[in-house]
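Report on the following structure.
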Amino acid sequence: MGIPGCTRGLRAFALACGLAWFGPTALAAATPDLAGAVEPAGQPAEPFGLSVSAVPAGALQDKWLGLARKLDDERVQIALCDGDRDRCASSAALQLLSIVDSARMREGRARLGEINRAINLAIRPMSDLAQYGEIDVWSSPLATFEHGAGDCEDYAIAKFMALRQAGVAADDLRIVIMHDTIYGEDHAVAATRLDGHWLMLDNRRMAMVEDINVRNYRPLFVIDQSGIMKYSQPPLLARGPAEDSAPAPATQPGLIAAFP
């Protein structure tokens with residue numbers, strides 16, 4: 001069982017992306033910066049080392065750009081709070097800053113793991129339908145922290161912001177949407193590149209997993225600061241030790257088990 005509402009919302013997203021993908025070629029021409037396939041060169045350009053192609057301009061790109069504008073606004077709010085925490089009126093911004101502070105005290109993989117663990121524990125699972133009465137809402141990080149709840153893409157977006165605040169370069173940050181071929185679920189995670197290797201920051205587990213060790217998921221879409229891209233004919237990923245897919249202890253608050 002996945003996160004309540006996450007599968008349904010991401011399935012709607014994937015369907016819409018599929019419809020956009022087969023839309024008129026004129027739409028693709030409207031996005032010259034993303035047009036064409038991007039091939040990995042040297043170190044993997046994208047998680048899983050696969051090529052990607054643009055999702056044409058339209059409602060989906062607009063959805064991400066709308067969220068990106070909120071992220072920019074929230075970065076300003078977070079910077080103001082960081083400069084004068086005693087006068088900060090946003091408890092959500094202070095909570096995110098506290099997580100970032102703890103992460104900055106660490107280096108390398110430990111910094112990334114701190115953010116993954118802290119955000120997993122800070123947010124409780126709740127579907128978009130239960131929280132907003134809609135099936136596909138992409139919440140900004142401060143909105144997610146204010147509610148204290150969210151589904152898989154909300155965790156991923158919050159980690160995307162926190163990692164950037166903690167000093168991770170924008171080129172090394174992604175949000176990846178994958179399909180679980182065993183349970184028929186769609187799932188979103190944050191991904192970050194460290195020393196040329198992509199690590200998945202998943203709300204379903206505390207341990208980070210390298211992309212080459214992800215099992216039984218098919219990557220569908222990848223999002224960076226520029227927009228949404230589609231993986232080109234992604235293979236089934238079924239490698240890695242069995243413990244990679246084991247659920248973390250259910251007794252830890254805010255953590256979501258990988259399986260029923």
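Of the set (1) crowded, with 19+ Cβ neighbours inside 10 Å; (2) under 15 Å from the mean Cα position of the chain (by Cα), all apply to A170 but (1).
The single condition among (1) in a helix (DSSP H, G or I); (2) of a type outside the set (S, T, Y); (3) modelled with pLDDT under 90 that A57 does not satisfy is (1). Among the residues that make up region 107-116, is at least one of them within 23 Å of V76 (Cβ to Cβ), of a type in the set (V, I, T), buried (at least 23 other Cβ atoms within 10 Å of the Cβ) and under 15 Å from the mean Cα position of the chain (by Cα)? Yes; the residues of region 107-116 include at least one that is within 23 Å of V76 (Cβ to Cβ), of a type in the set (V, I, T), buried (at least 23 other Cβ atoms within 10 Å of the Cβ) and under 15 Å from the mean Cα position of the chain (by Cα).
Assess whether D224 counts as being at pLDDT 90 or above, closer than 28 Å to G148 by Cα and of a type outside the set (A, V, I, L, M, F, W, C). In short, yes.
Within the bounds of region 211-221, is there any residue that is assigned to a loop (DSSP other than H, G, I, E, B) and free of Cβ contacts under 8 Å to residues at least 24 places away in the same chain? Among the residues of region 211-221, not one is assigned to a loop (DSSP other than H, G, I, E, B) and free of Cβ contacts under 8 Å to residues at least 24 places away in the same chain, which makes the answer no. Selection within region 123-152: residues that are part of a helix (DSSP H, G or I) and surrounded by fewer than 22 Cβ atoms within 10 Å (Cβ to Cβ). The member of this set that is nearest to the chain's Cα centre (by Cα) is A143.
Of the residues R205, R164, R174, the single one that is among the charged types (D, E, K, R), under 17 Å from N116 (Cα atoms) and assigned to a helix (DSSP H, G or I) is R164. Is one or more of the residues making up region 2-15 surrounded by fewer than 18 Cβ atoms within 10 Å (Cβ to Cβ), more than 17 Å from the chain's Cα centre (by Cα), at pLDDT 80 or above and not basic (K, R)? No: zero hits. Among the residues making up region 192-223, those that are within 16 Å of A169 (Cβ to Cβ) and either among the small types (G, A, S) or surrounded by fewer than 20 Cβ atoms within 10 Å (Cβ to Cβ) (or both) are L194, D195, G196, H197. Residues considered: R193, R215. Of these, the only one that is at pLDDT 95 or above, touching a Leu at 6+ places or on another chain (Cβ under 8 Å) and farther than 20 Å from A68 by Cα is R193. Can you find a residue in region 155-166 that is small (G, A, S) and over 14 Å from the mean Cα position of the chain (by Cα)? There is at least one residue in region 155-166 that is small (G, A, S) and over 14 Å from the mean Cα position of the chain (by Cα).
The values are calculated or read from the model by the stated rules, or taken from the named source; none is laboratory data. Treat the numbers as computed from the prediction; the structure is a model and nothing was measured. When we count neighbours, we look across all protein chains shown, and the Cβ atoms used for this are built from the backbone with ideal geometry, even at glycine.
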